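Inspection log for the structure reproduced underneath, given as C-alpha cells.
The values are calculated or read from the model by the stated rules, or taken from the named source; none is laboratory data. Since this is a predicted model, take the numbers as computed values, not measurements. Cβ coordinates were reconstructed from backbone atoms using ideal geometry, including for glycine residues, and neighbour counts include every protein chain displayed.
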C-alpha cells in the first residue's frame, strides 16, 4: 500500500494521473479500457523509475519492477468470415421483386465482392464506377485514414448493381438511397448504421446470426487473397 501510494504521488505530481473531485478513486486520463491494458505495464515501470529518482524507491527495487514483463497474449484474433456457399446464401437472402430488395442485395454484393467498409459503401456514388482497361473498378476510393485506392469490381457484383440502379432510374449521385412507401428512391443516401441493420436482417434470415458488416470484408479477403 505504501509502495502504491508513493508511485501514485509521483505520477500525480508529473500530471500522469488525475482524480475526480467527487471521488477518491484514481483514474487514468486515457479512459479507454483497451488502452489501459496495453500501456499499464510500461507506465508503471516508468513510474518506478521516476520514484527512484525522487528517492521514494531504492534503485534495486525500481530495477526489479522494470524487469517485470506484461501479461502474455495467447492466440491470434482472426475474426469471422463466410465460405463461398454462405456468401451465396446471404446474397440470395434478398429477393429481386421490389426496389428495396434489389438495393439491399446490391449492397451485400458490394460488401462481399469489393470488400468495402460500411462508411465506404454508404458514401459510394454512381460516378465512382469506371471502366479501366475493360474492367469495372471503383476509382480513387477515399478510404479509412484518407488513403486513396482503386477497388476492382467483379462482373457478378456489377450485374447485381445494375439490377438495382437501372429499374430505379439512377444515373448519378449516391448508389444506395432510402426508399419510401411508394417504392421510390429519395434523399442523399443513408448512414453506415443502416447498412449494419440490413446485414443483420439478411444474416438472420439465412441462419447466419451474429454476422457483422466487417465480416463481409474479411470474407472478401479470404476468398480473394490476391486483392490489395
Please work out if residue 189 is assigned to a loop (DSSP other than H, G, I, E, B) and either in contact (Cβ under 8 Å) with a residue 40 or more places away in the chain or out of contact with any helix residue (DSSP H, G or I) (no Cβ under 9 Å at 6 or more places or on another chain) (or both). yes
Within the stretch 163-179, can one find any residue that is over 18 Å from residue 110 (Cα atoms) and surrounded by 13 or more Cβ atoms within 10 Å (Cβ to Cβ)? yes
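Please go through the stretch 74-103 and pick out each residue that is in a helix (DSSP H, G or I) and within 21 Å of residue 221 (Cα to Cα).
Pass one, the stretch 74-103, residues in a helix (DSSP H, G or I): 84-92, 99-103.
Scanning the stretch 74-103 gives 84, 85, 86, 87, 88, 89, 90, 91, 92.
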From the set of residues in the stretch 132-154 that are over 24 Å from the mean Cα position of the chain (by Cα) and at pLDDT below 95, which is farthest from residue 98 (Cα to Cα)? 133
Counting only residues in the stretch 52-73 that are at pLDDT below 70 and part of a loop (DSSP other than H, G, I, E, B), the one nearest to residue 113 (Cα to Cα) is identified as 73
